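The values are calculated or read from the model by the stated rules, or taken from the named source; none is laboratory data. Not measured: the values here are computed from a predicted model. Quick reminder, even Gly has a Cβ in these numbers, built from the backbone with ideal geometry, and neighbours come from all protein chains shown. The area values use the complete protein model at the heavy-atom level, side chains included, leaving out ligands, DNA and RNA. Shrake-Rupley method; radii C 1.70, N 1.55, O 1.52, S 1.80 Å.
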Amino acid sequence: MNRSEVRFGQTELPQRQVEVLRRAVRLEWVTIGFLAVTVTLVFLVLGNSQAMKAAWIEDLLSFIPPLAFLIAIRVNRRRPTLQHPYGYHRSVGVGHLVAAVALTTMGTYLIVESGIGLLSGEHPTIGTVELFGASIWLGWLMIGVMAMTAVPPVLLGRAKLKLARELHNKVLYADADMNKADWMTAVGSIVGVTGIGLGLWWLDAAAALFIAAGILRDGLKNLRAAIVDLMDARATTFDDAEPHPLAGEIDAYLAGLPWVSAAGSRVRDEGHVFHVESFVVPRDGRMPSLDELEAAREGCVELDWKVQDIVLVPVRELPIVVPVSE
């Protein structure tokens with residue numbers, strides 16, 4: 001893959017983002033491979049523990065974000081068409097929404113199921129298995145598997161977090177955020193299994209509720225973020241922590257042009273790139289020339305690779321829905 005082939009729609013990625021994208025794709029494939037092993041191991045030692053069942057289901061759900069990321073990356077490379085004049089950048093938002101709905105639905109289901117188990121007083125049991133000619137309590141295998149699978153997701157999550165910031169990819173961020181919290185699922189499962197071994201039957205159901213609550217929390221957090229983006233809210237940073245500073249940079253650049261009296265922009269997040277509508281008030285009511293408008297547009301594009309689809313609109317006064325830079 002050469003640089004000319006790496007683009008999001010019509011946006012050609014800078015070399016730095018090309019390398020970041022390649023690393024992100026590799027990490028997601030590594031994640032899928034790791035999850036395949038983890039899901040198999042946990043299934044083999046599942047037993048009757050509700051906490052282990054919840055952890056296994058969470059591992060299954062963890063396939064969704066990396067798959068959504070890989071599919072969206074391929075889809076949004078397609079160029080705009082007459083039917084899709086804005087391109088296919090929204091595929092990232094769609095993937096984000098699908099992952100969030102799956103997490104929310106399954107988190108709700110597990111909370112209900114674990115709550116029923118706790119209220120009904122179910123007493124799960126863990127038997128023994130024959131391994132290498134010896135009889136071993138299955139709980140030890142459960143604890144060992146969860147302990148082995150606790151650390152790698154955290155390392156993967158930290159690595160993805162840096163890449164999500166540079167790519168401005170909220171699906172990758174959601175995946176990284178879930179990976180970083182996976183150690184809590186492992187610890188919760190170990191506590192639940194240990195509780196069964198100690199005769200504290202309720203500890204298993206409580207641990208399952210803890211894991212389910214974490215799944216639901218991730219689902220609701222990402223569901224809100226995905227819906228807000230799809231409703232064309234003001235563009236925010238990759239982690240939705242604050243308005244994206246690029247909007248202010250565009251306004252400051254435009255306001256600094258000699259023929260501009262004031263400037264303000266509406267910026268919406270299309271996935272990786274932004275769609276920008278910048279309104280400018282010409283000085284003394286003088287209509288700018290086509291050359292001035294084109295130069296201003298090119299200057300905005302050069303500010304950041306995410307600014308490709310931008311429209312400049314000369315107006316008498318700024319709309320009330322945009323901030324003012326003078």
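Go through the range 159-169 and give me each residue that's open to solvent by 10 Å² or more (accessible area, probe 1.4 Å) and farther than 18 Å from THR38 by Cβ.
Within the range 159-169, the first condition is being open to solvent by 10 Å² or more (accessible area, probe 1.4 Å), and the residues that meet it are 159, 161-162, 165-166.
Once the filter is applied, which keeps residues that are open to solvent by 10 Å² or more (accessible area, probe 1.4 Å) and farther than 18 Å from THR38 by Cβ, the range 159-169 yields LEU161, LYS162, ARG165, GLU166.
Would you confirm, using the coordinates I've provided, whether GLY107 is modelled with pLDDT under 85, open to solvent by less than 50 Å² (accessible area, probe 1.4 Å) and touching a Gly at 6+ places or on another chain (Cβ under 8 Å)?
On the way: modelled with pLDDT under 85: no; open to solvent by less than 50 Å² (accessible area, probe 1.4 Å): yes; touching a Gly at 6+ places or on another chain (Cβ under 8 Å): yes.
Judged against the criteria, GLY107 is not a match.
Could you check, for the range 188-200, whether at least one of its residues is hydroxyl-bearing (Ser, Thr, Tyr), open to solvent by less than 40 Å² (accessible area, probe 1.4 Å) and in contact with a Gly (Cβ under 7 Å, 6 or more places away or on another chain)? Full working, then the answer.
Of the range 188-200, the ones hydroxyl-bearing (Ser, Thr, Tyr) are 189, 194.
After this cut, where a residue has to be open to solvent by less than 40 Å² (accessible area, probe 1.4 Å) as well, the list is 189.
Okay, now just the ones that are also in contact with a Gly (Cβ under 7 Å, 6 or more places away or on another chain), so none.
Scanning the range 188-200 turns up no residue that is hydroxyl-bearing (Ser, Thr, Tyr), open to solvent by less than 40 Å² (accessible area, probe 1.4 Å) and in contact with a Gly (Cβ under 7 Å, 6 or more places away or on another chain).
Kindly evaluate LYS180 against the criterion of being among the basic types (Lys, Arg) and either in contact (Cβ under 8 Å) with a residue 24 or more places away in the chain or open to solvent by less than 20 Å² (accessible area, probe 1.4 Å) (or both). It would help to see each step written out before you state the result.
Values: among the basic types (Lys, Arg): yes; either in contact (Cβ under 8 Å) with a residue 24 or more places away in the chain or open to solvent by less than 20 Å² (accessible area, probe 1.4 Å) (or both): yes.
It is true that LYS180 is among the basic types (Lys, Arg) and either in contact (Cβ under 8 Å) with a residue 24 or more places away in the chain or open to solvent by less than 20 Å² (accessible area, probe 1.4 Å) (or both).
Quick one: in the range 110-124, which of the residues that are more than 30 Å from ALA72 (Cβ to Cβ) and in contact with a helix residue (DSSP H, G or I) (Cβ under 6 Å, 6 or more places away or on another chain) is surrounded by the fewest Cβ atoms within 10 Å (Cβ to Cβ)?
At the first step, the residues of the range 110-124 found to be more than 30 Å from ALA72 (Cβ to Cβ) are 112-124.
From the residues that got through so far, the ones that are in contact with a helix residue (DSSP H, G or I) (Cβ under 6 Å, 6 or more places away or on another chain) too are 114, 117-118, 123-124.
Working: SER114: 24, GLY117: 21, LEU118: 17, HIS123: 13, PRO124: 20.
For the range 110-124, the residue satisfying everything is HIS123.
How many of the residues in the range 254-271 are buried (at least 19 other Cβ atoms within 10 Å of the Cβ) and hydroxyl-bearing (Ser, Thr, Tyr)?
1
Can you tell me which residue in the range 278-305 is nearest to the chain's Cα centre (by Cα), limited to those that are open to solvent by 60 Å² or more (accessible area, probe 1.4 Å) and among the charged types (D, E, K, R)?
So in the range 278-305, the residues open to solvent by 60 Å² or more (accessible area, probe 1.4 Å) come out as 283-287, 290-291, 294, 297-298, 302-303.
This time we only want the ones that are among the charged types (D, E, K, R), so: 283-284, 286, 291, 294, 297-298, 302.
On the way: ARG283: 43, ASP284: 46, ARG286: 45, ASP291: 40, GLU294: 35, ARG297: 30, GLU298: 31, GLU302: 27 Å.
Here the residue is GLU302.
This table checks each residue for (1) closer than 28 Å to LEU41 by Cβ; (2) under 32 Å from the mean Cα position of the chain (by Cα).
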{"position": "ARG74", "(1), (2)": "no, yes"}
{"position": "SER91", "(1), (2)": "no, yes"}
{"position": "LEU110", "(1), (2)": "yes, yes"}
{"position": "LEU118", "(1), (2)": "yes, no"}
{"position": "GLU130", "(1), (2)": "yes, no"}
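Does any residue in the range 287-303 that is in contact (Cβ under 8 Å) with a residue 60 or more places away in the chain come within less than 8 Å, Cβ to Cβ, of a residue that is of a type in the set (D, E, K, R) and not in a helix (DSSP H, G or I) six or more places away or on a different chain, and which pairs are these?
Partner pairs satisfying both residue conditions: none exist.
Determine the pairs where a residue that is assigned to a strand (DSSP E or B), located within the range 117-139, has a partner that is at pLDDT 80 or above with Cβ atoms under 6 Å apart, the partner being 6 or more residues away or on another chain.
Hits for this filter: THR128/SER135; THR128/TRP137; VAL129/ILE136; VAL129/LEU138.
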